[in-house]
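> Quick one: the structure is below, and I'll ask about it shortly.
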Amino acid sequence: MMRSRSPKDAFSFPDGVDDEEAAPETNHLLRHLDGSEVAGRVDSPRNRLLLEVEPSSSRQPPPRGRRYLARVSTCRASPTILAFLSHGFFLVGSLAYVLLALGDLSWYRTTIEIPREVYTADDDAAWEQLGNEELWDAKDDYEWTYHIYYLVGAVSFVFVGALDWMRYGDCMDAFMILAGLAGVVSVLSPTARQEVIWDAVSIHLYLLEACNLFRREHHLTGRGRLFRVGDVCFLAGNIIDVTVVYFSLAGRSGLGIIRADLAAQILWLVCALIDTAREIFTSY
């Protein structure tokens, strides 16, 4: 009658087979019952009883690209929907700022012959002394459209920052939110000086957000890396904006500064268009 094998014999290797030779056949990832994993061999009954066994060959490599970002998103909403909402608000905000800069250029050409002390005056009395009702009406229209475009742009970028924070879970996206809020305060400021100061705060925060965007990994490969040009455009536009605002704080103005500001806003718009194209490229 054959003797039954003991548990120890059941898990021992055949005669003549060394542990190192048998190791590749029993190389597993050992998962504890509490969920932690250790690498090793199943070489004892105790291991088989206390560990769940999963062959290492069944382990899949970590995903990359858009699907990976979708899994690490901190929001339950669809990451693709959040992404396109973010890019949509970015487009709206950038377009509003371009229209604002074009309005500045048009207004400068309209008022090029007005004395500087009147043009830079912070009250209506100086303008009333000109006795030009059409110019007075044009000034009201210019100021109204300026504030509307600025407000739309600033609020749009608040939404961009909030949506990106939900997408990436990166607290650095707070720079975009704060920049937009500072822009709203600038629009609502009672004096031109306060408006310029809050505008400067907003632009510096946008620059910090541009640096944050430039360092972010987008998991692009091959020709997809060309879409990083959008990040470069946003960073360059913000550097120009910061330079322009220092001239404004120093009381400098002129056609060159207005054109530089327009160039910066165009770079923002180019960034928005490229980022939208990148999202379509990575999603579909």
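> Show the residue pairs meeting these rules: Cβ distance below 8 Å; 6+ apart or different chains; first residue within segment 133-162 and closer than 23 Å to residue 271 by Cα and in contact (Cβ under 8 Å) with a residue 24 or more places away in the chain; second residue surrounded by fewer than 21 Cβ atoms within 10 Å (Cβ to Cβ) and charged (D, E, K, R).
Sorted first by the residue in segment 133-162, then by its partner, the pairs are 146/104.
> Which residues, taken from segment 166-217, are in a loop (DSSP other than H, G, I, E, B) and either surrounded by 18 or more Cβ atoms within 10 Å (Cβ to Cβ) or at pLDDT 90 or above (or both)?
189, the sole residue that qualifies.
> Something else about it: Hey, can you tell me all the residues within segment 131-162 that are open to solvent by 50 Å² or more (accessible area, probe 1.4 Å), over 30 Å from residue 178 (Cβ atoms) and of a type in the set (A, V, I, L, M)?
If the condition is that a residue be open to solvent by 50 Å² or more (accessible area, probe 1.4 Å), over 30 Å from residue 178 (Cβ atoms) and of a type in the set (A, V, I, L, M), then no residue fits.
> Now for a different question. Quick check on segment 242-264. Is at least one of its residues closer than 19 Å to residue 87 by Cβ, modelled with pLDDT of 90 or more and open to solvent by 70 Å² or more (accessible area, probe 1.4 Å)?
The answer is no, given that none of the residues of segment 242-264 is closer than 19 Å to residue 87 by Cβ, modelled with pLDDT of 90 or more and open to solvent by 70 Å² or more (accessible area, probe 1.4 Å).
> Further question on the same structure: Return the pair list, or none, for Cβ contacts closer than 9 Å from residues in segment 251-266 that are part of a helix (DSSP H, G or I) to residues that are among the charged types (D, E, K, R), at least 6 apart or on different chains.
Once the first residue is part of a helix (DSSP H, G or I) and sits in segment 251-266, its partners that are among the charged types (D, E, K, R) give 255/109; 258/104; 260/241; 261/104; 261/241; 262/104; 264/241; 265/241.
> Being at pLDDT below 80, open to solvent by less than 30 Å² (accessible area, probe 1.4 Å) and at negative phi narrows it down to one of 126, 96, 101, so name that one.
Within the list 126, 96, 101, the selection yields 126.
The values are calculated or read from the model by the stated rules, or taken from the named source; none is laboratory data. Quick caveat, the model's predicted, so the values are computed rather than measured. Don't worry about glycine lacking a Cβ; one is built from the backbone with ideal geometry, like all the others, and counts go over all protein chains shown. Heads up: the accessible areas ignore ligands, DNA and RNA and are worked out on the full protein's heavy atoms, side chains in. Shrake-Rupley method; radii C 1.70, N 1.55, O 1.52, S 1.80 Å.
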